[in-house]
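Heads up: the structure comes next, in structure tokens.
The values are calculated or read from the model by the stated rules, or taken from the named source; none is laboratory data. Note that the structure is predicted; figures quoted are calculated from it, not measured. Glycine gets a Cβ as well: all are built from the backbone with ideal geometry, and neighbour counts include every protein chain shown.
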Amino acid sequence: MNGLLVLLIIVVLAILYWWLIISTEGVFLGRRMVVWLYDITAHKYDDIKEYTPEDEKILVVDPILALCQQTETALLDVGTGTGRVPYFLLQDGRFQGDIIALDASAKMLAHAEESLALHSPTHGVTLLHQDAVPLPFEDGRFDMVTSLETLEFLPDHKAALREMVRVLRPGGILLTTRRADWEAPLFLNRYHSKNGMIALLRAMGMIDVTVQPWLTTYNLVIARKPISVPQYSR
């Protein structure tokens, strides 16, 4: 009987570990745990994600370029990690404009800096060690804000979204993602259905909100800030 009890405790602890550390990447253990986990995996993160120029052109570069409304776009990438968005935009060569890419993990940013150093010049890319809340920018600073595979790992994803909306200029575009695989509900209140994500962004004053297939694990979410901005829901 005692042996069965010990076995049950081990199984429960293993499941709890998998949920807290592996599946949800420490998000329910607090910001410091999330940042620490990204710090210790920064050196192998790109290998884990298996980014390729061919895939990233389809997944990242082409959608951003299709949504750019002017040649010299001011773009903010929130949760840039190892610099996925700026790196592949520069590698592609068609994007014209300034990019500010921020992340809370210093080691992920260090890896991003090394990768971006391969491009000379870097076309106005600025890396910033910074949390998503609050964003250190004035209202309406950017033409586009991107935040890919990031929201569910932020301490307060709704506050982060409000900040992204705030720094968008009227008419600007938000490009983000929602978790959509079988593990998505494990993020509890951080998980939103397709309709729930649309409703959340509309409540923040965004319009033309669409949720599109993207990866097996994520949907791509696109929204526009109206020219005339209503009062955001808090």
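Table: residues versus (1) assigned to a loop (DSSP other than H, G, I, E, B); (2) at pLDDT 95 or above; (3) under 17 Å from Leu148 (Cα atoms); (4) touching a Gly at 6+ places or on another chain (Cβ under 6 Å).
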site	(1), (2), (3), (4)
Ile48	no, no, yes, no
Glu56	no, yes, yes, no
Ile64	no, yes, yes, no
Thr80	yes, yes, yes, no
Arg94	yes, no, no, no
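Restricting attention to segment 33-46, the residues being exposed (fewer than 13 other Cβ atoms within 10 Å of the Cβ) and modelled with pLDDT of 95 or more number 1. Filter segment 133-166 down to the residues that are touching a Ser or Thr at 6+ places or on another chain (Cβ under 8 Å) and in a loop (DSSP other than H, G, I, E, B), then identify the one that is nearest to Lys225 (Cα to Cα). So, considering only residues that are touching a Ser or Thr at 6+ places or on another chain (Cβ under 8 Å) and in a loop (DSSP other than H, G, I, E, B), the one nearest to Lys225 (Cα to Cα) is Leu148.
Restricting Leu102, Leu128 to those that are assigned to a strand (DSSP E or B), touching a residue at least 12 places away in the same chain (Cβ under 8 Å), surrounded by fewer than 23 Cβ atoms within 10 Å (Cβ to Cβ) and within 14 Å of the chain's Cα centre (by Cα) reduces the list to Leu102.
Every residue, every condition in (1) modelled with pLDDT of 95 or more; (2) surrounded by 13 or more Cβ atoms within 10 Å (Cβ to Cβ); (3) more than 19 Å from Asp143 (Cα to Cα); (4) over 15 Å from the mean Cα position of the chain (by Cα), yes or no:
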residue: Arg169; (1), (2), (3), (4): yes, yes, no, yes
residue: Arg179; (1), (2), (3), (4): yes, yes, yes, no
residue: Asp208; (1), (2), (3), (4): yes, no, no, yes
residue: Tyr218; (1), (2), (3), (4): yes, yes, yes, no
residue: Val221; (1), (2), (3), (4): yes, yes, no, no
residue: Pro230; (1), (2), (3), (4): no, no, no, yes
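Selection over segment 167-208 of residues that are part of a helix (DSSP H, G or I) and either among the small types (Gly, Ala, Ser) or touching a Gly at 6+ places or on another chain (Cβ under 6 Å) (or both) gives a count of 4.
The sole residue among Ala106, Ala132, Ala110 that is closer than 18 Å to Met204 by Cα and modelled with pLDDT of 95 or more is Ala132.
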